[in-house]
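> Pasting a structure here, questions to come.
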Ligand SMILES: [Mg+2]
Ligand SMILES: [Zn+2]
């Protein structure tokens, strides 16, 4: 099992400030997202999507709409030879105080209960916001921030409690880092350089 965990909005699909992707007609893949996913898929990674979708519990869209988006997204990706192992959503809002809303680690724990534990320190979480980086860090993974969504610049991360290990433009660049890292794994000594400072 070689999982890689990805946020959805702002990483795979467009980030819509102050709004949600409520229906498939509003859903758009980010440029370079499909090629990034193809690289990861082609390199044998098990792609897992981990996404907060509080719009459901807020009544902005239904769970049915969310599932419709997911089915169509997965079908589209399949046409590009991309298999997604699993999609996890937290549909709760903060006040619900669930254990799955990012930055809480419930969705990763769910994954572990379903697929077993994995080499967390060698695995990556890719996201576009501080909560993704916090979750990935808390779960013991390496983190990559993509600047294709909510976060627009590396400077924004300076005040974050959890800082990303890597900052890149998009999922395609994140895929390159992940694949290069996995190739280097067998060489023993790990290069911890983040390239951030
Ligand atoms: Mg996001
Ligand atoms: Zn939840």
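A short reminder: the numbers here are calculations on the coordinates, not readings from a lab. Only a predicted model underlies this, so the values are computations on that prediction, with no experimental measurement involved. FYI the Cβ positions are ideal-geometry reconstructions off the backbone, even for glycines, and counts take in every protein chain you see.
> I'd like the Kirkwood hydrodynamic radius of the stretch 1-44, using the inverse of the mean 1/r over distinct C-alpha pairs, in Å.
By the Kirkwood definition, the hydrodynamic radius is 11.6 Å.
> Using the alpha-carbon atoms, what tilt in degrees (0 to 90, nearest 10) does helix 171-184 show relative to the longest principal axis of the chain?
Approximately 40 degrees, to the nearest 10.
> Only residues of the stretch 1-16 count here: report those whose backbone N is under 15 Å from the spot 7 Å along Cα→Cβ of residue 81, or say none.
Within reach of a label on residue 81, which here means backbone N under 15 Å from a point 7 Å along Cα→Cβ, the stretch 1-16 contributes nothing.
> Could you please rank 100, 90, placing first whichever residue has the fewest other Cβ atoms within 10 Å of its Cβ?
In order of increasing Cβ crowding within 10 Å: 100, 90.
> For 11, 126, what's the fewest-to-most ordering of other Cβ within 10 Å of each Cβ?
11, 126
> Rounding to the nearest 10 and keeping the result within 0 to 90°, find how far the Cα-based axis of helix 63-79 lies from the longest principal axis of the chain.
Approximately 50 degrees, to the nearest ten.
> Quick one: the Cα spread of the stretch 71-121 along its three principal axes, in angstroms, biggest first?
In descending order, the Cα extents are 38, 28, 18 Å.
> If you don't mind, there's one more thing I want to ask. Could you give the angle, 0 to 90 degrees to the nearest 10, between helix 106-115's Cα long axis and the longest principal axis of the Cα atoms of the chain?
70 degrees
> From the mean inverse distance of alpha carbon pairs (Kirkwood) and the Cα radius of gyration, derive Rg over Rh for the chain.
Rounded to two decimals, Rg/Rh equals 0.94.
> Here's something else I'd like to know. For the chain, give me the percentage of DSSP beta bridges that are antiparallel, rounded to the nearest 5 percent.
Antiparallel bridges: around 5 percent, rounded to the nearest 5.
> Still on this structure: What FRET efficiency would be calculated for the residue pair residue 38, residue 94, taking the C-beta separation as r and a Förster radius of 41 Å, to the nearest 0.05?
According to the calculation, E is roughly 0.70.
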